[in-house]
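The values are calculated or read from the model by the stated rules, or taken from the named source; none is laboratory data. These numbers were taken from a predicted model, which means no experiment stands behind them. Each accessible area value is taken on the protein alone, full model and side chains, heavy atoms only, with ligands, DNA and RNA left out. Shrake-Rupley method; radii C 1.70, N 1.55, O 1.52, S 1.80 Å.
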Amino acid sequence: SNAQMIMKRIDEGYELKDFAVVVKAQIEKWGKDDKMSEYLRPSTLFAKQNFENYLGGAGELSRM
């Protein structure tokens, strides 16, 4: 379930602010793209590998 994925990320040491960064960054990237906006869902955003990649990519966005 979505809650289990979130709890796993928290158990790995991620904090609430990390979730906010990922959600905000992906909304900025995908929010206006009809094809990609369907992936703005917990199962995509909070899956382990995706979450780590999106969080790392969010730092790159802030430097642009």
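Using alpha-carbon pairs under 8 Å, 6+ residues apart, how would you state the relative contact order of the chain in percent?
Computed over the chain, the figure is 40 percent.
For the chain, which whole percent of the accessible surface, found with a 1.4 angstrom probe, sits on carbon and sulfur atoms? Kindly include the intermediate steps, with their values, before the conclusion.
Working: 2450 of 4590 Å².
Roughly 53 percent, rounded to a whole number.
Given the -39500 (n - 2.57) contribution per DSSP H run of 4+ residues, what per-residue ellipticity at 222 nm results for the chain, rounded to the nearest 500 deg cm²/dmol? Don't skip to the end; give the middle numbers.
Values: 5 runs with 49 residues, N = 64.
Value at 222 nm, helices only: -22500 deg cm²/dmol.
Take the alpha carbon gyration tensor of the chain, find the square roots of its eigenvalues, order them as a ≥ b ≥ c, and report rounded if a/c is under 1.5; if not, report prolate when a/b exceeds b/c, else oblate. Spell out each step's value before the answer.
Working: a/c = 2.36, a/b = 1.27, b/c = 1.86.
It is oblate, given that a/c is not under 1.5 and a/b is not larger than b/c.
In Å², and per residue, what accessible area does the chain have when probed at 1.4 Å with the other protein chains present? The partial results should precede the final answer.
Values: 4590 Å² over 64 residues.
That works out to 72 Å² for each residue.
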